[in-house]
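Accompanying notes for the structure given below.
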Amino acid sequence: MSQEATRALAEARRVLVVTGAGISAESGIPTFRGAGGLWEGHAAQDLATPEAFARDPDLVWRWYRWRRGICNAAEPNAGHRAITALEASHDALTLTQNVDGLHARAGTRRLVELHGNIDTARCTDCATLRPIGELGGAGVPECPLCCEPMRPHILWFGETYWDGTLDRGIGFARDADVCLVVGTSGQVTAPAQVALHAKRCGALLIEVNPAASEVTPFADIWLRGPAGQVLPDLV
Ligand code: NAD
Ligand code: ZN
């Protein structure tokens, strides 16, 4: 463990945490770009799009029900719990790209799920939100209010961020002392940009990832290892 990272975190008051699929890898949820990223021969990047849903909503729903099963069966790991622990000692905000709900289940309270949540469906017409568990187990669910098709409440590739979500991170980043970037390839650029914004505003940028990412060249400290081991040591 880098002493510089431990010291910086101990001295920090405000900490911005940005997480990606890598933090949930040790809970058994595959990342999109790693091994296990394919489903029935389809790449995630070809299913998690508005075009894929327009073409074959049934296929997209089958994939999401399969992923939801994996997410619901998974348990938060030591990395998620370390981030929760950080809230007791710091003014912390967690921005996650993950939709698996594991941060919330680990008890993290100041949390922005930038890309939505695998347990929620949204009406394609009136935007009503409903827990997927209430909607029946197969096919394309219908909106209980207007009977139009519902879609997963997930921000898909090519879609713009919902009002306010990114802004909350950007506002918080301005006064962050440390920004922890955990388990993201940085290829989904907006969350990585929030982390770089924190750095430009004076935060120390600490990356936790076993492999180099798009963020690594900008990191002040790279803690090279799996989040479930590195984060508990750090926090
Ligand atoms: P990504 O799949 O592009 O990259 C994952 C990153 O995690 C890689 O840099 C990899 O080196 C790193 N990693 C792997 N194992 C790790 C570990 N044990 N500890 C720390 N880091 C580890 O993921 P992304 O950048 O988050 O973007 C992909 C998109 O896919 C996001 O929009 C996200 O919403 C979505 N996604 C979500 C989940 C989930 O909810 N768990 C899973 C897969 C993809
Ligand atoms: Zn509706």
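The values are calculated or read from the model by the stated rules, or taken from the named source; none is laboratory data. This structure is a prediction, so every number in the text was calculated from the model and none was measured. Using ideal geometry, Cβ is built from the backbone for each residue, glycine included, and neighbour counts are taken over all protein chains shown. Please note that ligands, DNA and RNA were not included when accessible areas were found on the heavy atoms of the full protein model with its side chains. Shrake-Rupley method; radii C 1.70, N 1.55, O 1.52, S 1.80 Å.
With the highest mean first, a sort of the peptides 91-99, 49-57 on other beta-carbon atoms found within 10 angstrom per residue produces 91-99, 49-57. With viscosity set to 0.692 mPa s and temperature to 37 °C, compute the Stokes-Einstein D of region 120-171, Rh being the Kirkwood radius across alpha carbon pairs; µm²/s, no decimals. Result for D is 269 µm²/s. Ranked from largest, the principal axis spans of the Cα set of region 63-145 equal 44, 26, 17 Å.
Just to confirm my numbers, what's the Cα centroid distance between region 113-159 and region 37-92 in Å? About 14 Å separates the Cα centre of region 113-159 from the one of region 37-92. Ignoring ligands, DNA and RNA, what percent of the accessible area of the chain is carbon or sulfur (1.4 Å)? Its accessible area is 50 percent carbon and sulfur atoms.
Proximity of backbone amide H atoms, modeled 1.01 Å from N, is registered between residue 120 and 132, 153 at under 5 Å, excluding neighbours fewer than 5 places apart on the same chain.
Between residue 146 and residue 4, full extension at 0.36 nm per residue minus the direct alpha carbon distance yields a gain of 45.5 nm.
Ranked by the mean number of other Cβ atoms within 10 Å per residue, highest first, peptides 212-219, 161-168 order as 212-219, 161-168.
What do you get for Rg/Rh of region 1-133 when both radii come from the Cα atoms and Rh is the Kirkwood radius? Could the numbers behind the result be given before it?
Numbers: Rg = 16.9 Å, Rh = 16.4 Å.
Value, to two decimals: 1.03.
Placing a pseudo-label 7 Å from each Cα along the Cα-to-Cβ vector at residue 46 and residue 220 gives an inter-label distance of 4.3 nm.
Once the convex hull of the alpha carbons of the chain is built, what does its volume come to per residue, in cubic angstrom? List each step's numbers first, then the result.
Numbers: hull volume 27.0 nm³, N = 235.
Enclosed volume per residue, from the Cα hull, is 115 Å³.
Pairwise Cα distances in region 1-64 exceed 15 Å in 66 percent of cases.
To one decimal place, what orientation-averaged projected area in nm² is obtained for the convex hull of the Cα set of region 120-235?
Values: hull surface 37.9 nm².
With the hull built on Cα positions only, its mean projection is 9.5 nm².
Surface exposure of region 90-235, expressed per residue as accessible area with a 1.4 Å probe, stands at 43 Å².
Within region 190-235, the trypsin sites (Lys or Arg not before Pro) that combine a DSSP coil assignment with at most 14 other C-beta atoms in a 10 angstrom radius are 224.
Restricting to DSSP H runs of at least four residues, report the calculated mean residue ellipticity at 222 nm for the chain, -39500 (n - 2.57) per run over all residues, nearest 500 deg cm²/dmol. Counting only the DSSP helices, I get -9500 deg cm²/dmol.
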